[in-house]
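First up is the structure itself, then whatever we jot down about it.
The values are calculated or read from the model by the stated rules, or taken from the named source; none is laboratory data. Computed from a predicted structure; not experimentally measured. Note: ideal-geometry Cβ built from the backbone for every residue, glycine included; neighbour counts use all protein chains shown. Ligands, DNA and RNA are excluded from the accessible area calculation, which covers all protein heavy atoms including side chains. Shrake-Rupley method; radii C 1.70, N 1.55, O 1.52, S 1.80 Å.
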Amino acid sequence: MSLKKINTVVAAAFILFILWFGTGFILDPETSVQGFGLPHPASGDGGGFLIVKGIRDVVLALVLAVLLLTGHRRALGWALLVESLAAYGDMTTVLAHHGSVATALGVHCLTATLMAANGLLILWETRKAPAAPPALRTA
């Protein structure tokens, strides 16, 4: 299997995973928050923030999907790199609020690192070939 096909499959898997995760936060925030890793879910009317998190995830996935479906692979690589920062941010949030270290590292950090690696591989795959040296002229 070529690097391009592997990168495409991995990027598509990220898109589906992020859509699934984000949709869960929109449709059932109370259940989804349990897997996020924070020790105490938002109380009172804090559930609205969980829906905002879900909308963020869905939008991030849709950006990746548009780039993948339109064939803008180089932009897809950059977007994966940038969007991995959201997952690193989630990891940092869980750790800073004394949440589950296992979830912070095993879910958020792993996801972010794999996204960044996929982005770098796509950028490597789409790099421009070096220009050939000019031909020697004979007189």
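A few comments on the model shown:
- Of the residues making up the stretch 1-25, those that are of a type in the set (Gly, Ala, Ser), in contact (Cβ under 8 Å) with a residue 40 or more places away in the chain and more than 20 Å from residue 127 (Cβ to Cβ) number 1.
Every residue, every condition in (1) surrounded by fewer than 15 Cβ atoms within 10 Å (Cβ to Cβ); (2) on the phi < 0 side of the Ramachandran plot; (3) at pLDDT 95 or above, yes or no:
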| residue | (1), (2), (3) |
| --- | --- |
| 16 | yes, yes, yes |
| 24 | no, yes, no |
| 30 | yes, yes, no |
| 44 | yes, no, no |
| 67 | no, yes, yes |
| 105 | no, yes, yes |
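- Some residue of the stretch 107-123 being surrounded by 14 or more Cβ atoms within 10 Å (Cβ to Cβ), hydroxyl-bearing (Ser, Thr, Tyr) and either at pLDDT 95 or above or in contact with a helix residue (DSSP H, G or I) (Cβ under 6 Å, 6 or more places away or on another chain) (or both): yes
- Residue check, residue 92 of a type in the set (Ser, Thr, Tyr) and more than 11 Å from the chain's Cα centre (by Cα): yes
- Of all residues in the stretch 46-65 being more than 20 Å from residue 117 (Cβ to Cβ) and within 12 Å of the chain's Cα centre (by Cα), the one that is least open to solvent (accessible area, probe 1.4 Å): 58
- Residues satisfying the stated conditions in the stretch 87-103, i.e. without any contact (Cβ under 8 Å) to a residue 40 or more places away in the chain, open to solvent by less than 40 Å² (accessible area, probe 1.4 Å) and not hydrophobic (A, V, I, L, M, F, W, C): 89
- For the stretch 79-86, the count of residues that are open to solvent by 50 Å² or more (accessible area, probe 1.4 Å), assigned to a loop (DSSP other than H, G, I, E, B) and modelled with pLDDT of 95 or more is zero.
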